[in-house]
1. If a residue has to be assigned to a strand (DSSP E or B) and either touching a Gly at 6+ places or on another chain (Cβ under 6 Å) or at pLDDT 60 or above (or both) to count, how many in segment 262-292 make the cut?
2. Tell me whether segment 53-61 contains one or more residues that are under 23 Å from L198 (Cα atoms), at pLDDT below 95 and hydrophobic (A, V, I, L, M, F, W, C).
3. Can you list residue pairs whose Cβ atoms sit under 8 Å apart, with the first residue in segment 25-47 being under 13 Å from V250 (Cα atoms) and the second being polar (S, T, N, Q) and modelled with pLDDT under 90? Count only pairs 6 or more apart in sequence or on different chains.
4. Under the condition of being within 15 Å of L165 (Cβ to Cβ) and among the hydroxyl-bearing types (S, T, Y), which residue from segment 233-274 is surrounded by the fewest Cβ atoms within 10 Å (Cβ to Cβ)?
5. For segment 193-206, state whether one or more residues are at pLDDT 90 or above, surrounded by fewer than 18 Cβ atoms within 10 Å (Cβ to Cβ), more than 19 Å from A271 (Cβ to Cβ) and not polar (S, T, N, Q).
6. Go through the residues of segment 240-256 one by one and say whether even a single one is under 20 Å from the mean Cα position of the chain (by Cα), outside any strand (DSSP E or B) and basic (K, R).
7. Collect the residues in segment 102-148 that are part of a helix (DSSP H, G or I) and of a type in the set (F, W, Y), keeping them in residue-number order.
8. Can you tell me which of E259, E220 is touching a Lys or Arg at 6+ places or on another chain (Cβ under 8 Å), acidic (D, E) and in a loop (DSSP other than H, G, I, E, B)?
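The values are calculated or read from the model by the stated rules, or taken from the named source; none is laboratory data. If you're wondering where the values come from, they're calculated on a predicted model, not measured in any experiment. Backbone-built Cβ (ideal geometry, glycine too); neighbour counts: all protein chains shown.
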Amino acid sequence: MEQSHEITDEPTTEREGKLGSRSPSGPIDAAGLTHPGRVRARNEDAFEVIAELGLAMVADGLGGHPAGDIASRMAVQEVGDRMRDLDPDPTQPDLNDAEAVPRAAMDLLRFAVQQANSAIHSAGHKFPVVSGMGTTFAVVLIMRAFAIVAHVGDSRVYRLRDGELVALTEDDSMAAEYVRSFGAAADPDVIRQHEGTLTRCLGAFADVQVTMRAERRLPEDVYLLCTDGLWTTVPHDRMTRILSELPDPVRAVHALVDEANAAGGPDNITAIVVRPVGGDGLPSSAPPGPLE
């Protein structure tokens, strides 16, 4: 789906529907859905699935700031364009050895996210109408036996394995930093006070730190990417049940978004469900788990 980098202060048309493919030659079967929710008139979320690259990404434009919808669209388009440069070279063992962590792909993904940050930041300085725009970002790249995750902000990536749904990202937010510091002693009132206040996003500064993770995957692993309009609204156990009971990614994303709207839909809602297909390079000798 083509998305433009044109800078404008006019409202964008709300996008609602499936974006993805079931390419028999691609490494993933994925579907995504976005919805403005029941409260907000404008949808500032964006997502993209590039099945042939094994790539899925979500972005959530910052509410209360100008042009959040433009920032989120720029993020997914910039990263998608950069990742299309990922061309395995026979001389690069990382991209051809199923048992090796694809370092070149990780480096390119990190670079792509950093370039998206630069593009959004530069546009904000060049065009007054979008000054101060920013967005969260989360992405999964399925390559060989690995899942590579990158994120900035509080959009999340989860992995469902053996009936257990685990977050593979840690929120870049003041509330999350507080909880990580104080653990069980954290004051719920303080957490609520700082909910939604990000410590990192794309576009705020010229440079950004991108959190990366790579892990070996198992054949039945399922990945969920979502904005906070989903994970703050739908209970964790309910997300787990939906993903476990609905193997079809299209049905799963519709059920997740419907659940968030049924709970009031206070924010924009976006979800992508990714199921790696085929057994290419799945490791048999090493146990699955994070590599960095």
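1. 8
2. Within segment 53-61, none of the residues are under 23 Å from L198 (Cα atoms), at pLDDT below 95 and hydrophobic (A, V, I, L, M, F, W, C).
3. A30/S21
4. Per the criteria, the residue is S244.
5. Yes, there is a match, as at least one residue in segment 193-206 is at pLDDT 90 or above, surrounded by fewer than 18 Cβ atoms within 10 Å (Cβ to Cβ), more than 19 Å from A271 (Cβ to Cβ) and not polar (S, T, N, Q).
6. yes
7. F111
8. Answer to the check: E220.
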